[in-house]
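First the structure, in the form of structure tokens, and then the observations on it.
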Amino acid sequence: MSTDLELWSRAAGGSGEAFGALFDKYARDVYNHCFRRTADWSAAEDLTSVVFLEAWRRRGEVRIDRESALPWLLGVANNVLRNRHRSLRRHRAALDRL
């Protein structure tokens, strides 16, 4: 069994298999975090996808320095959640102006 550091290093090198292993390991945790913050299973699924898309996109830039990638993934989730909240707030404000 590979460690998160090894998996992340391989994923940063382009290994979809290693990234998939991280996804399999942490997708449920990220989903549960998003669901607790939104109380919407559909939004939590979408946000989980965005978190892992962002992780894949940034895999070459980010260095995981802990034994677990989960804290970083949850940090990405928090940023994605904040962006969603801002977007919804702007959308509501725009509708109110109409």
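The values are calculated or read from the model by the stated rules, or taken from the named source; none is laboratory data. What you see is a predicted model, and the numbers here were worked out from it, not measured in a lab. Cβ placement follows ideal geometry from the backbone for every residue including glycine, while neighbour counts extend to all protein chains displayed.
Here are the numbers:
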item	result
Only one of 98, 73 that is of a type in the set (A, V, I, L, M) and surrounded by 12 or more Cβ atoms within 10 Å (Cβ to Cβ)	73
Which numbered condition residue 68 misses (of (1) under 15 Å from residue 8 (Cα atoms); (2) of a type in the set (Ser, Thr, Tyr); (3) at pLDDT below 90)	(3)
Pairs where the first residue, in segment 19-31, is without any contact (Cβ under 8 Å) to a residue 60 or more places away in the chain and surrounded by 18 or more Cβ atoms within 10 Å (Cβ to Cβ) and the second is hydroxyl-bearing (Ser, Thr, Tyr) and assigned to a helix (DSSP H, G or I), C-beta under 9 Å, 6+ apart	30/48; 31/48
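The rows are residues; the columns are (1) over 28 Å from residue 5 (Cβ atoms); (2) among the aliphatic types (A, V, I, L, M).
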position: 27; (1), (2): no, yes
position: 30; (1), (2): no, yes
position: 38; (1), (2): yes, no
position: 43; (1), (2): yes, yes
position: 50; (1), (2): no, yes
position: 76; (1), (2): no, yes
position: 85; (1), (2): yes, no
position: 97; (1), (2): yes, no
